[in-house]
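Colleague: Dropping a structure here in structure tokens format, bear with me for questions.
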Amino acid sequence: MRHDALSQILDALKLRGSIYFHTNFSPPWAVQVPAFGNVARFHMAMRGACWLKVEGYASPIYLATGDLVVIPHGAAHVLCDELGREPTSVDRVLQETGYTGEGALYFGGPEEEQSCKLFCGHFEFEDGSVHPILEALPQVIHVPNTQTMNAFWLETVMRFVASEVRATMPGSDAIVHRLTEIIFIQVVRTFVDQQGDRAGCLAAVLNPKLGRSMSQIHLAPEQPWTVETLAREAGMSRTVFAERFTDLVGMTPLAYVTHWRMEKARRNIHDTDLPLIDIAENIGYASEAAFNRAFKRQFNQTPGQMRRMGADVAAERI
């Protein structure tokens, strides 16, 4: 079992990385990507350069070779060789080019020597996942190739992804998914390095002391945690721990305990047939009524309603 807080959270959120396609866009070109919830889209410039305009984000971003950009909340955006071009929707691009999912996606004009090669994909989280780190992610994370001393990992990983995408050998899909998940984790680390405490909950998760206390909550949510015992896990005084935790995470330590208990309960409701009273006891509730109240505060429905809704959805798929 992984014992660092970030790994535990991403496991719980069921992070999964996917590659849509790699491109060969030649001038003139502009492609519009629609908004999509519950995913963090990403684009990596493997060769050439382009512009990115994200809906709701004021400044266009120039992507040079080696740059990676992540759009954490799935906002609509336009990629283009020059600002001001009229974009073509990505669905229409796929239709016009007859792209089958194999090889590169070719689009644009005849100037092949100036083409832009992008890797495009997304990081997806399980439907219904709720965690402060998702809210802490900004509209856009741009990682220039030369921004950090250890930026070599990005190009190395992406080149490996490129080789696996082209190889289409047994196991390639699994390798690509795992590698893209690594990219997400590295991007989060880079973002926290850049932002410090401004990264909020992400800064807390990666903080050695606060992260240690969060990890213990994740490992044993059923324990009768108090601010004192959590501060002891962090090696901090009660007052300093409570203030720092609340400032960064946006909720008190005990509120986070309840939040994580409810998230674990949600997963158990979806993934197991355990009786609700057993789920409640497994996360530290002796009373099913108290469990129901806490669960409804977080998810706006009772555990029983969530289970029935899940059963209805499963039945419709049969």
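Colleague: Being touching a residue at least 60 places away in the same chain (Cβ under 8 Å), of a type in the set (V, I, T) and under 18 Å from A220 (Cα atoms) is the requirement here; does I279 meet it?
Modeller: no
Colleague: Would you confirm whether or not the stretch 69-80 contains a residue that is touching a residue at least 12 places away in the same chain (Cβ under 8 Å), in contact with a Phe, Trp or Tyr (Cβ under 8 Å, 6 or more places away or on another chain), farther than 22 Å from V187 by Cβ and open to solvent by less than 30 Å² (accessible area, probe 1.4 Å)?
Modeller: The answer is yes; a qualifying residue exists.
Colleague: A follow-up question, please. For A286, only one of the following conditions fails: (1) modelled with pLDDT under 95; (2) assigned to a helix (DSSP H, G or I). What is its number?
Modeller: Checking A286 against (1) modelled with pLDDT under 95; (2) assigned to a helix (DSSP H, G or I), the one that fails is (2).
Colleague: Also, quick follow-up: Among strands (runs of 3 or more DSSP E) lying entirely in the stretch 1-57, which contain 2 or more residues that are surrounded by fewer than 20 Cβ atoms within 10 Å (Cβ to Cβ)?
Modeller: Result: 16-26, 39-47, 50-54.
Colleague: Whether any residue in the stretch 232-243 is in a helix (DSSP H, G or I), within 26 Å of E126 (Cβ to Cβ) and in contact (Cβ under 8 Å) with a residue 24 or more places away in the chain is what I want to check.
Modeller: no
Colleague: Any idea which of T180, T252, T226 is more than 24 Å from the chain's Cα centre (by Cα) and of a type in the set (V, I, T)?
Modeller: Sole residue among the options that is more than 24 Å from the chain's Cα centre (by Cα) and of a type in the set (V, I, T): T226.
Per-residue answers, yes or no, for (1) within 29 Å of the chain's Cα centre (by Cα); (2) at negative phi; (3) assigned to a loop (DSSP other than H, G, I, E, B):
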{"residue": "S59", "(1), (2), (3)": "yes, yes, yes"}
{"residue": "Y62", "(1), (2), (3)": "yes, yes, no"}
{"residue": "G66", "(1), (2), (3)": "yes, no, yes"}
{"residue": "G84", "(1), (2), (3)": "no, no, yes"}
{"residue": "V93", "(1), (2), (3)": "yes, yes, no"}
{"residue": "E96", "(1), (2), (3)": "no, yes, no"}
{"residue": "Y99", "(1), (2), (3)": "yes, yes, yes"}
{"residue": "F107", "(1), (2), (3)": "yes, yes, no"}
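Colleague: Within the stretch 26-57, can you find the residues that are of a type outside the set (G, A, S), more than 21 Å from the chain's Cα centre (by Cα) and within 26 Å of F160 (Cβ to Cβ)?
Modeller: V31, M46, R47, C50
Colleague: Restricted to the stretch 79-106, and to residues that are small (G, A, S) and at pLDDT below 90, which residue is nearest to A35 (Cα to Cα)?
Modeller: G101
Colleague: Another one. Residues in the stretch 89-120 that are polar (S, T, N, Q) and buried (at least 18 other Cβ atoms within 10 Å of the Cβ): how many?
Modeller: Total meeting the criteria: 1.
Colleague: List pairs: first in the stretch 206-227 and in a loop (DSSP other than H, G, I, E, B), second open to solvent by 20 Å² or more (accessible area, probe 1.4 Å) and not hydroxyl-bearing (S, T, Y), Cβ under 6 Å, 6+ apart or cross-chain?
Modeller: Hits for this filter: P221/R261; P221/K264; E222/G284.
The values are calculated or read from the model by the stated rules, or taken from the named source; none is laboratory data. Here the structure is a predicted model, which means the values were calculated and not measured. When we count neighbours, we look across all protein chains shown, and the Cβ atoms used for this are built from the backbone with ideal geometry, even at glycine. To get the accessible areas, we keep the full protein, side chains included, count just its heavy atoms, and leave off ligands, DNA and RNA. Shrake-Rupley method; radii C 1.70, N 1.55, O 1.52, S 1.80 Å.
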